[in-house]
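A short worksheet on the structure shown next.
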Amino acid sequence: MHRSFGCAAGVQALAERFPGKPVYPGLNTQFLGILEEQATWTEKCIGCGECMLAEFGGVCPVTRCAKRMLNGPCGGSTSEHCEVAADKPCAWQLIFRRLQSIGQLDRLEKIHPPKDWSKACKHGHRGEV
Ligand code: SF4
Ligand code: SF4
């Protein structure tokens, strides 16, 4: 028996590579994330089906802004924390700093229309933007 503690894609990859061997998921996949430190994962992508990372300097507001704002920040933003999730940084502060560091602050002048969620995978469709 094989048990995978990778995401669901990892489980399926193992199942394809080990014909005749049962492979069981060791966890319930809920997002695509990055391992920040031992046992600490942070959600970075919800699979919206139309990646906009280039517009935001590589920081995803769809996933990391609590209000999923495409035209942020909201009125409660501070340089320290998100007003909704005080244990997290404001995604729009991160976007601003990142665009500033790569000389692309002009991207913030663009107004983004509401997201077309028909392109999202079912898992990614968790809220309107
Ligand atoms: S949620 Fe969409 S915009 Fe954000 S990283 Fe994933 S694919 Fe890109
Ligand atoms: S404080 Fe920042 S991350 Fe939090 S909801 Fe407002 S714009 Fe989004």
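The values are calculated or read from the model by the stated rules, or taken from the named source; none is laboratory data. Please read all numbers here as calculations on a predicted model, not as lab measurements. No Cβ is skipped: glycine too gets one built from the backbone with ideal geometry, and neighbour counts run over all protein chains shown.
Taken over region 30-74, the criterion of being free of Cβ contacts under 8 Å to residues at least 60 places away in the same chain, of a type outside the set (A, V, I, L, M), within 15 Å of ligand 2 (Cβ to nearest atom) and part of a loop (DSSP other than H, G, I, E, B) is satisfied by GLY57, CYS60, CYS65, LYS67, ASN71, GLY72, PRO73, CYS74. Which of the residues spanning region 84-102 are assigned to a loop (DSSP other than H, G, I, E, B) and either over 22 Å from GLU36 (Cα atoms) or more than 8 Å from ligand 2 (Cβ to nearest atom) (or both)? Those that are assigned to a loop (DSSP other than H, G, I, E, B) and either over 22 Å from GLU36 (Cα atoms) or more than 8 Å from ligand 2 (Cβ to nearest atom) (or both): ALA86, ASP87, ILE102. From the list VAL11, VAL59, the lone residue that is in contact with a helix residue (DSSP H, G or I) (Cβ under 9 Å, 6 or more places away or on another chain) and of a type in the set (A, V, I, L, M) is VAL59. Looking across region 94-122, the residues that are surrounded by 14 or more Cβ atoms within 10 Å (Cβ to Cβ) and at pLDDT below 90 come down to TRP117, ALA120.
Exactly one residue among ALA91, ALA66 is surrounded by 14 or more Cβ atoms within 10 Å (Cβ to Cβ), modelled with pLDDT of 95 or more and in contact with a Ser or Thr (Cβ under 9 Å, 6 or more places away or on another chain), and that residue is ALA91.
Within region 14-26, the set of residues being in contact with a helix residue (DSSP H, G or I) (Cβ under 9 Å, 6 or more places away or on another chain) and loosely packed, with under 14 Cβ neighbours inside 10 Å comprises LYS21, PRO22, TYR24, GLY26.
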